[in-house]
Amino acid sequence: MKFNKYIDWFIHMLGYALVLITVSVIFKKTIIIDNFYFGLWGLVAVIIIFVLNRTIKPLIVWMTLPLTALTLGLFYPLINILILKITDFILGPHFDIHGTIVLFIVSIIISIMNAIMDNVIIDTILRGKK
């Protein structure tokens, strides 16, 4: 049975939502997601982050590449924080982000968890079903 692109996209969104909601539960004072309808705002936040990562993030990464190279990659999590702040601005009171240093650590953890989710869990599920 071959999965189509929509099911692949849905599985990725579900995985990313799980990561974001998990991080918001662990870091309760840093990322606050409104729990309306069992995490609907978490899923909406993930969709917005996904769209921003596909549209705006490549441009920001390209423009800040010299700064990222000079800092040996330490500037990259700040780009992730910017994406989270834009999501915070779009969703208003349903998605709040607080802190600076802890948010930097959360950004790194989200990146690592997304990489693990992509490479270990989701790819295994999709390869096993194809």
| request: Considering each of ASP96, ASP8 in turn, give the residue that is acidic (Asp, Glu), in contact (Cβ under 8 Å) with a residue 24 or more places away in the chain and under 29 Å from ARG127 (Cα atoms). | output: ASP8
| said: I'm trying to understand the selection: among the residues of the range 72-108, which are touching a Ser or Thr at 6+ places or on another chain (Cβ under 7 Å) and of a type in the set (S, T, N, Q)? | reply: ASN80
| field | Complete set of residues in the range 84-96 that are under 24 Å from THR55 (Cβ atoms) and surrounded by fewer than 19 Cβ atoms within 10 Å (Cβ to Cβ) | value | LYS85, ILE86, PHE89, ILE90, LEU91, GLY92, HIS94, ASP96
| said: Just checking, does the range 60-76 include any residue being under 14 Å from the mean Cα position of the chain (by Cα) and either assigned to a helix (DSSP H, G or I) or surrounded by 17 or more Cβ atoms within 10 Å (Cβ to Cβ) (or both)? | reply: yes
| message | If I filter the range 30-53 for residues that are exposed (fewer than 11 other Cβ atoms within 10 Å of the Cβ) and either at pLDDT 80 or above or closer than 18 Å to GLY99 by Cα (or both), do I get at least one hit? | response | no
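The values are calculated or read from the model by the stated rules, or taken from the named source; none is laboratory data. Since the model is a prediction, treat every value here as computed from it, not as a measurement. In this analysis, Cβ positions are derived from the backbone assuming ideal geometry, glycine residues included, and neighbour counts consider all displayed protein chains.
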